[in-house]
Amino acid sequence: MIPAAFDYAAPATVREAVALLRGRAGDARALAGGQSLIPMMRMRLVNPALVVDLGRVRDLAYVREHDQGGLGGHVRSADPPGVRGGLAIGAMTTYRTIETSPLVRERFPLLAEAVARIADPQVRNRGTIGGALAHADPSADLPALMLVAEARIHVAGGGRARSIAAGRFFVDAFTTALGETEIVTEVRLPALPPRTGGAYEKLANRASHFAIVGVAALVTLDAAGACSRVRIGVTGAGPAAGRARRAERYLTGRAPTPAALEAAAARAGHGIDFTDDLHGSAAYREHLTHRLALRALIAAAERAG
Ligand SMILES: Cc1cc2nc3c(=O)[nH]c(=O)nc-3n(C[C@H](O)[C@H](O)[C@H](O)COP(=O)(O)OP(=O)(O)OC[C@H]3O[C@@H](n4cnc5c(N)ncnc54)[C@H](O)[C@@H]3O)c2cc1C
């Protein structure tokens with residue numbers, strides 16, 4: 001199908017991009033990798049009057065260390081011993097760049113691993129972190145990763161620049177906390193504490209590789225070998241990705257024994273309004289959430305040790 005006619009602009013700065021979006025508020029769309037927007041326009045599910053291509057905006061594609069790496073967001077020099085700096089990833093950074101970035105592999109290997117399982121090389125060469133988060137597909141992989149990382153999503157365009165915690169960003173299927181004229185500019189991941197292991201487990205749709213259900217887990221062990229910090233993010237199971245807080249609370253303070261991991265995983269689906277569609281029934285997704293959470297927790301705890 002051919003999209004409806006639209007105007008096209010390719011600004012050079014974030015300020016210009018935002019001004020263009022504001023000029024046609026409600027009737028303009030940012031274009032990043034185009035892997036979701038272009039198909040939607042071709043199917044005429046969205047028909048923006050103006051497409052604002054972010055591809056030429058300077059300095060939106062990078063992976064950098066940032067100096068607010070500690071868990072509390074304090075300066076890196078004040079981080080506890082062993083905690084290394086966090087990551088700042090520009091919104092237009094492609095999956096491929098993230099997957100192959102030595103800095104991501106060193107600081108947040110789980111992200112590089114998970115991104116390598118998204119879609120296919122063509123999509124990974126074009127799709128961007130900003131586009132994926134703004135699109136908020138309920139089966140997308142990155143939301144689960146952003147939730148366990150406790151990432152902050154930096155945005156511009158709503159009057160003043162602000163940052164939104166990942167936990168508040170994903171509101172519903174294809175719905176985020178972004179304002180109509182706001183764009184994602186950067187994603188910040190705090191440094192991980194020492195003795196932290198992570199894993200991402202998904203049952204992928206065979207054709208697209210979207211997650212029917214995906215579970216990300218980060219487990220930090222204390223000196224005695226107990227779980228001092230547990231983060232579990234679930235995607236694909238319901239309308240929006242979310243944290244499995246009941247499971248996190250259960251495991252925190254306990255040793256990661258097989259029984260404790262199983263009991264935590266059994267709580268991972270608590271509070272999810274499971275999706276029932278042609279890819280899987282609600283009961284199947286509930287089952288997957290439990291089993292994938294168990295696998296992710298076992299692998300994360302092993303890596304932490
Ligand atoms: C065949 C295929 C398989 C796929 N498989 C997977 C998979 O396995 N897992 C997975 O997670 N995803 C998958 N995807 C989706 C893919 O990850 C998309 O690339 C991604 O969701 C959108 O990123 P994009 O950069 O292409 O954004 P675009 O398509 O350009 O934009 C998507 C939406 O986000 C908005 N947007 C883009 N950038 C910004 C910004 N900086 N600020 C504000 N709004 C913005 C656009 O206006 C649009 O509404 C697949 C896609 C295809 C085509």
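The values are calculated or read from the model by the stated rules, or taken from the named source; none is laboratory data. Predicted model only: the values in this text are computed from it and were never measured. Because the Cβ atoms are built from the backbone with ideal geometry, glycine has one as well, and the counts that use them run over all protein chains shown. For the accessible areas, the whole protein counts, side chains as well, though only heavy atoms, and no ligand, DNA or RNA atoms are used. Shrake-Rupley method; radii C 1.70, N 1.55, O 1.52, S 1.80 Å.
With protein chains left intact and a 1.4 Å probe, residues in the chain average 46 Å² of accessible area per residue.
Taking only DSSP H segments of four or more residues, each worth -39500 (n - 2.57), what value at 222 nm results for the chain once the sum is divided by all its residues, to the nearest 500 deg cm²/dmol? Mind showing how you got there, number by number?
On the way: 12 runs with 99 residues, N = 305.
Mean residue ellipticity at 222 nm (helix-derived): -9000 deg cm²/dmol.
Across the options 41, 135, 199, the greatest Cα extent toward the positive end of the charge dipole of the chain (unit charges at beta carbon of Lys, Arg, Asp, Glu) belongs to 199.
Over segment 198-304, Cα pairs under 8 Å with separation of 6+ residues give a relative contact order of 31 percent.
Could you look at segment 63-189 and say what percent of its accessible area is carbon and sulfur, using a 1.4 Å probe and all protein chains? Don't skip to the end; give the middle numbers.
On the way: 2530 of 5240 Å².
Here carbon and sulfur together make up 48 percent of the probe-accessible area.
Once the Cβ-Cβ distance between residue 24 and residue 58 is put in as r, and R0 is 25 Å, what FRET efficiency do you end up with, to the nearest 0.05? Working from the Cβ atoms, E equals 0.65. In order along segment 119-129, the Karplus-derived 3J(HN,Hα) couplings, from 6.51 cos²θ - 1.76 cosθ + 1.60 at θ = phi - 60°, round to 6, 9, x, 4, 5, 5, 6, 10, x, 10, 5 Hz, and Gly and Pro are given as x. Taking a ≥ b ≥ c as the square roots of the eigenvalues of the alpha carbon gyration tensor, the chain is oblate, as a/c is not under 1.5 and a/b does not beat b/c.
Given a 1.4 Å probe and every protein chain left where it sits, what share in percent of the accessible area of segment 203-305 is carbon and sulfur? Walk me through the numbers before you get to the answer.
Numbers: 2450 of 4710 Å².
The computed percentage sits at 52.
At a Förster distance of 22 Å, what's the computed FRET efficiency of residue 254 paired with residue 287, Cβ-Cβ distance as r, to 0.05? Write down the numbers at each step before the final one.
Numbers: r = 24 Å, r/R0 = 1.08.
Taking R0 as 22 Å, the efficiency between residue 254 and residue 287 is 0.40.
Apply the membrane-span-like helix rule to the chain: whole DSSP H runs, Cα extent along the own long axis of at least 18 Å, mean Kyte-Doolittle hydropathy at least -1.0. List the helices found. Going by DSSP H runs, the hits are 282-304. Only Cα pairs under 8 Å and 6+ residues apart enter the sum, and on that basis the relative contact order of the chain stands at 15 percent.
Might you report the magnitude of the Cβ-based charge dipole of the chain about its Cα centre, with Lys and Arg at +1 and Asp and Glu at -1, to the nearest 20 debye?
Values: 37 positive and 28 negative charges, 69 e Å.
Charge dipole, the chain, about its Cα centre: 340 debye, nearest 20.
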